[in-house]
């Protein structure tokens, strides 16, 4: 198998499938053939290539290289699979659009169904696709006066306790202004895209993706006065855990990456410079997706 990242003369489509999704194999073969007949090179993500039958030549790249080495990224799987690839695109600062095809029920991000795959892919390659810019978050964690970690997230940054920990105490500031101390199981800082993820489960508001805002949502707060708040997307959110000796506090990003915080750490969260370009089917509105997923109006 050739694991090359060299550019072909025509357009290149990166293909990412959910890890170990054997049900995708037949579709992956068909997609590769469909692209080849149009003179378009398929470039498979490393783990996705392992789902394919053996071949003498096949372009393969890791996720990080794929994020900036193709013209369109096609994701087969669920929202989690798309999030993992979206975060790689964000880290690369790439403007490559991403097309999510769901295996199973309709997803909030992987909205396109299998029957819609080829018309949607053709529209993306022809430049006819409807593309939305989705805000991403850039988080910086400072430890002992130095930058400890920087990560990108499409949905949310979540600061939370472990299952066996008591409530955690977080000091929250917006810009240079102190806002509140949150005593809760944790705190979610979500984008509008992420408002229908963990934020929704924690009782936060649904925010349309085209609204330029961030959402701060306490997780199971100790007092009823700690409520979700929507703030301008231009805001910088700073969170400092007030930790006792036995506290275990973690920060996670899109549920894809994370680490344990230490006393004195400060997590700063702001809008990333580059948005994610998400390809959406023009036949289905955002509210239609909400009705389908949330069963609005059904008994």
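Each reported figure results from applying straightforward, stated rules to the coordinates on display, with no laboratory input. Because the structure is a prediction, the values reported are computed rather than measured. A quick note on method: Cβ atoms are made from the backbone with ideal geometry, for glycine too, and the neighbour counts reach across all protein chains shown.
Against the chain, whose longest principal axis is taken from its Cα atoms, helix 117-126 shows a tilt of about 90°. Of all DSSP-defined beta bridges confined to the chain, some 75% are antiparallel rather than parallel. Computed over the chain with a Gaussian network model linking Cα atoms closer than 10 Å, the most mobile of 14, 33, 107 is 33.
Starting with the fewest neighbours, write out 31, 89, 231 ranked by other beta-carbon atoms found within 10 Å of each beta-carbon. It would help to have the intermediate numbers written out before the result.
On the way: 31 22, 89 26, 231 16.
The order, fewest Cβ neighbours first, is 231, 31, 89.
What is the Å³ per residue value for the convex hull set by the Cα atoms of region 1-128? Provide the component values of the computation, followed by the final result.
Working: hull volume 12.8 nm³, N = 128.
Dividing the Cα hull volume of region 1-128 by its residue count gives 100 Å³.
Give the order of 222, 27 when sorted by the count of other beta carbons within 10 angstrom, beginning with the fewest.
Working: 222 14, 27 18.
Going from sparsest to densest Cβ surroundings: 222, 27.
In bins 5 Å wide, starting from 0, what share of all Cα pairs of region 137-271 does each bin hold, as a percent? With a bin width of 5 Å, the distribution comes to 2, 11, 23, 26, 23, 11, 4, 1, 0.
The distance from the alpha carbon centre of region 205-267 to that of region 57-118 is 27 Å, rounded to a whole number. Compute the angle between helix 79-92 and the longest alpha-carbon principal axis of the chain, please, reported from 0 to 90 degrees and rounded to the nearest 10. The two axes meet at around 90 degrees. For the chain, the longest principal axis of the alpha carbon atoms and the long axis of helix 25-36 meet at an angle near 60°.
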